[in-house]
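Enquirer: Dropping a structure here in structure tokens format, bear with me for questions.
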Amino acid sequence: MMPDLSVNLGELQLRNPVMVAAGTFGYGLEYQDIVDLSRLGAIVTKSLTLAPRMGNTPPRVAETPAGMLNAIGLQNDGVDAFILETLPRLCEYGTPIIVSVAGETVGEYAQVAERLSRVDGVAALELNLSCPNQARGGMEFGVSPELTAQAVAAVRTATDLPLIAKLSPNVGDIVPIAQGAVQAGATAVSLINTVLGVAVDPKTRQFRLASKCGGLSGPAVKPIAQYHLWRVRQALPETPLIGVGGISSAEDAIEFILLGAHAVQIGTANYVQPTLALEVVEGIAQYLQVNGFESVEAIRGVVY
Amino acid sequence: MTRYELPAVVVEHQRRGTNLYELILHAPPIAQSATPGQFVMLRPLRTHAPLWRRPYSILRANPDKGVFSVLYSVQSAFTELLSLKPIGSTVQTLGPLGSYFQPVRAAQRHILVAGGVGAPPLCFFAARLAPTLTPDEQILILEGARREDLLVGLDEFRALGAEVRVATDDGSRGYKGYVTDLLAEALNEPLESVVYACGPNRMLRVVAQLCMARGVPCQVSLDAPMPCGIGVCLGCAVKVNTPDGGAWYKRACVEGPVFRAEEVVWE
């Protein structure tokens, strides 16, 4: 018998637990000739801001051992262009569209969310809490429980859509941040966003990124993501969790589910293996079948 | 533009110079649709380190045989993995990708400026351009490298009937100095010229400036760190002038790698 891959994250229902992570799948359409978008659990778009953003000066990316640093600077076309030009075409695939929302102020998060909740076709919003906060000298929203709660609460009042808070790992204790997000109205929590890092080029004796500091992603961050997920799982057993960080095989995804993730996101691996998400969907089904489980839920959180 | 994600089969590693190899891959859809200036992303093995695929310009393509090739030298963990791929094994490949060189038909002389590792796409371009020339058109190759043994494709360029001028940093062959000096000289000759260039970005900046100062049409193939090649990561950003007088970032992997010189913001 085919195992049941469907999962529920509060009001958000997915045909399978495998999404593609924000910023690693463009707006979705970029992959349509390579990946069957209708077989994904959900598509999380590139982060959108109120106005178009040009992004940072290159170099913006650097390869590191089993990972990469990026400092793209939220280059995007702005929420209005997305709603007008991209969303209608993306909806044709029948896959839930989760829009990643970014902002430099609490008000910007809320305004972007408000515009997205006025149109059809958006299944949920994911708050990118790793954005630099203008009012606090560029500090990430996600490093403070108060700022996290403020951003989530502002978006909560602006929309009725399911709300996912994507947490930053660049904190001492992630639990109060997750609690702050949930108390402010987040329906689910995804973790983790990228880990802060730098890389240096001995040849040029300069930073490899023009903005010096960037976000580390890829296989190198998987244990960090799993650690944070495991801790939040223990503190918030009722909250749907989405595991993201370094997944590059079905086994990696299953590990997150065993630790308590309701769903997972494939991120950096999309760059090097565009069809990985579909492979992970099949791999999870196969794992359940071989081991005699009827559903994804049957293995969720059994490692704690 | 159609692109393919497929396992290409290794046909041969052909030695082409000192630590310089031509990797011939069998992948008919790519071989049949590749245009000079375009590239492929290669991944020899599913490794975590190296993680990224690497972009390789297409050196030649034979649609009838379904093969295309790229040029590599062994100088990193990635290229070592590539060099160890046995004949008959597969290399996961995405391509053909990006923009391509577009022949400017009004020209009397097509000047192809190749610097170091920038030669492969111009070899492909010359091979496709030569058979289409009218009796009034000619090809001039200007190729530069650090040393003589790093020069690529000189015999092939000559076999196409092109004139070839060479510069090496150490003077081991041809002019001792930069290939851009040869270009400055060539642009002073009384012929309607158009320039197509590929090489290090600092060389391309000089090429672009020389051409723009003389009103010579110029297309450059730019290099940028490229994690995805698909157009999603925005890592390979190239700053370009916009029609409204502003600037924006385009992607070397989709809108590039070949840009018109005047479109690029040369910083």
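Enquirer: Within the stretch A:26-53, which residues are in contact with a strand residue (DSSP E or B) (Cβ under 7 Å, 6 or more places away or on another chain), modelled with pLDDT under 95 and within 8 Å of chain B (Cβ to nearest Cβ)?
Expert: A:Ile34
Enquirer: To continue, here is another question. Please report, ordered by residue number, the strands (runs of 3 or more DSSP E) entirely within the stretch B:24-124 with at least 3 residues that are among the hydrophobic types (A, V, I, L, M, F, W, C) and either surrounded by 24 or more Cβ atoms within 10 Å (Cβ to Cβ) or within 14 Å of chain A (Cβ to nearest Cβ) (or both).
Expert: On the way: elements: B:39-43, B:54-57, B:60-62, B:67-72, B:90-97, B:109-115.
Hits in the stretch B:24-124: B:39-43, B:90-97, B:109-115.
Enquirer: Here is a further query. Select from the stretch A:295-304 the residues that are part of a loop (DSSP other than H, G, I, E, B) and hydrophobic (A, V, I, L, M, F, W, C) and write down the one among them that is nearest to the other protein chains (Cβ to nearest Cβ). So that I can check it myself, show each step before the final result.
Expert: Residues of the stretch A:295-304 that are part of a loop (DSSP other than H, G, I, E, B), as a first pass: A:300-304.
Now narrow it down to the ones that are hydrophobic (A, V, I, L, M, F, W, C): A:302-303.
Numbers: A:Val302: 26, A:Val303: 22 Å.
Checking each candidate, the answer is A:Val303.
Enquirer: Shifting gears a bit: For A:Gly142, state whether it is modelled with pLDDT under 95 and either crowded, with 21+ Cβ neighbours inside 10 Å or part of a loop (DSSP other than H, G, I, E, B) (or both). So that I can check it myself, show each step before the final result.
Expert: Details: modelled with pLDDT under 95: yes; either crowded, with 21+ Cβ neighbours inside 10 Å or part of a loop (DSSP other than H, G, I, E, B) (or both): yes.
Yes, satisfied.
Enquirer: Further question on the same structure: Mind checking which residues of the stretch A:271-289 are surrounded by fewer than 20 Cβ atoms within 10 Å (Cβ to Cβ), under 25 Å from B:His48 (Cβ atoms) and either within 14 Å of chain B (Cβ to nearest Cβ) or not small (Gly, Ala, Ser) (or both)?
Expert: Of the residues in the stretch A:271-289, the ones surrounded by fewer than 20 Cβ atoms within 10 Å (Cβ to Cβ) are A:273, A:275, A:278-279, A:282-283, A:285-287, A:289.
Next cut, under 25 Å from B:His48 (Cβ atoms) only: A:273, A:275, A:278-279, A:282-283, A:285-287.
Selection gives A:Gln273, A:Thr275, A:Leu278, A:Glu279, A:Glu282, A:Gly283, A:Gln286, A:Tyr287.
Enquirer: For the stretch A:280-294, check the following and say yes or no: at least one residue is modelled with pLDDT under 95 and out of contact with any strand residue (DSSP E or B) (no Cβ under 8 Å at 6 or more places or on another chain). So that I can check it myself, show each step before the final result.
Expert: As a first pass, look at the stretch A:280-294 and keep what is modelled with pLDDT under 95: none.
Checking the stretch A:280-294: not a single residue is modelled with pLDDT under 95 and out of contact with any strand residue (DSSP E or B) (no Cβ under 8 Å at 6 or more places or on another chain).
Enquirer: Still on this structure, I have one more. Select from the stretch A:27-46 the residues that are among the small types (Gly, Ala, Ser) and touching a helix residue (DSSP H, G or I) at 6+ places or on another chain (Cβ under 9 Å) and write down the one among them that is nearest to B:Cys253 (Cα to Cα).
Expert: To start, the set of residues in the stretch A:27-46 that are among the small types (Gly, Ala, Ser) comprises A:28, A:38, A:41-42.
Among the residues that remain, those that are also touching a helix residue (DSSP H, G or I) at 6+ places or on another chain (Cβ under 9 Å) are: A:28, A:41.
Values: A:Gly28: 17, A:Gly41: 28 Å.
Checking each candidate, the answer is A:Gly28.
Enquirer: Of all residues in the stretch A:59-74, count the ones that are among the basic types (Lys, Arg) and more than 7 Å from chain B (Cβ to nearest Cβ).
Expert: From the stretch A:59-74, those among the basic types (Lys, Arg) are A:60; that's our starting set.
Right, trim to more than 7 Å from chain B (Cβ to nearest Cβ) and you get none.
So the answer is 0.
Enquirer: Quick one: in the stretch B:242-264, of everything that is within 11 Å of chain A (Cβ to nearest Cβ) and assigned to a strand (DSSP E or B), which residue is farthest from A:Tyr31 (Cα to Cα)?
Expert: In the first step, residues of the stretch B:242-264 are kept if they are within 11 Å of chain A (Cβ to nearest Cβ); the result is B:242, B:246-254.
Subsequent filtering for residues that are assigned to a strand (DSSP E or B) retains B:247-251.
Details: B:Ala247: 26, B:Trp248: 23, B:Tyr249: 20, B:Lys250: 18, B:Arg251: 15 Å.
Only one residue fits best here, namely B:Ala247.
Enquirer: Hey, among the residues in the stretch A:243-264 that are within 14 Å of another protein chain (Cβ to nearest Cβ) and not small (Gly, Ala, Ser), which one's nearest to A:Pro65 (Cα to Cα)? Don't jump to the end; show me each part of the working.
Expert: Narrowing the stretch A:243-264 to residues within 14 Å of another protein chain (Cβ to nearest Cβ): A:245-252.
Imposing the further condition that a residue be not small (Gly, Ala, Ser) reduces the set to A:247, A:251-252.
Working: A:Ile247: 15, A:Glu251: 21, A:Asp252: 18 Å.
Taking the candidates together, the pick is A:Ile247.
Enquirer: Take A:Gly218 and tell me if it is buried (at least 21 other Cβ atoms within 10 Å of the Cβ) and under 24 Å from A:Leu5 (Cβ atoms).
Expert: Numbers: buried (at least 21 other Cβ atoms within 10 Å of the Cβ): yes; under 24 Å from A:Leu5 (Cβ atoms): no.
Here the answer is no, as A:Gly218 does not meet what is asked.
Enquirer: Now for a separate question. Go through (1) among the aromatic types (Phe, Trp, Tyr); (2) more than 25 Å from B:Gly199 (Cβ to Cβ); (3) touching a Phe, Trp or Tyr at 6+ places or on another chain (Cβ under 9 Å) one by one and return the number of the condition B:Phe39 breaks.
Expert: All conditions pass for B:Phe39, except number (2).
Enquirer: Examine the stretch B:11-19 for a residue that is modelled with pLDDT of 95 or more, assigned to a strand (DSSP E or B) and within 14 Å of chain A (Cβ to nearest Cβ), and state whether such a residue exists. Working first, answer last.
Expert: Start the filter on the stretch B:11-19 by keeping residues that are modelled with pLDDT of 95 or more, which leaves B:11-14.
Those still in the list that are assigned to a strand (DSSP E or B) too: B:11-14.
Right, trim to within 14 Å of chain A (Cβ to nearest Cβ) and you get none.
Checked the stretch B:11-19: no residue is modelled with pLDDT of 95 or more, assigned to a strand (DSSP E or B) and within 14 Å of chain A (Cβ to nearest Cβ).
Enquirer: If a residue has to be part of a loop (DSSP other than H, G, I, E, B), out of contact with any helix residue (DSSP H, G or I) (no Cβ under 7 Å at 6 or more places or on another chain) and not basic (Lys, Arg) to count, how many in the stretch B:143-159 make the cut?
Expert: So the answer is 1.
Enquirer: Shifting gears a bit: Out of (1) without any contact (Cβ under 8 Å) to a residue 40 or more places away in the chain; (2) within 14 Å of chain B (Cβ to nearest Cβ), the odd one out for A:Gly292 is which?
Expert: (2)
Enquirer: Which ranges mark the strands (runs of 3 or more DSSP E) fully within the stretch B:181-241 that have 2 or more residues being within 14 Å of another protein chain (Cβ to nearest Cβ) and at pLDDT 95 or above?
Expert: On the way: elements: B:193-198, B:218-221, B:237-241.
Result: B:237-241.
The values are calculated or read from the model by the stated rules, or taken from the named source; none is laboratory data. The shown structure was predicted, so the numbers you read here are calculated from the model rather than taken from an experiment. For neighbour counting, all protein chains shown are included, and Cβ atoms are generated from backbone atoms with ideal geometry for every residue, glycine included.
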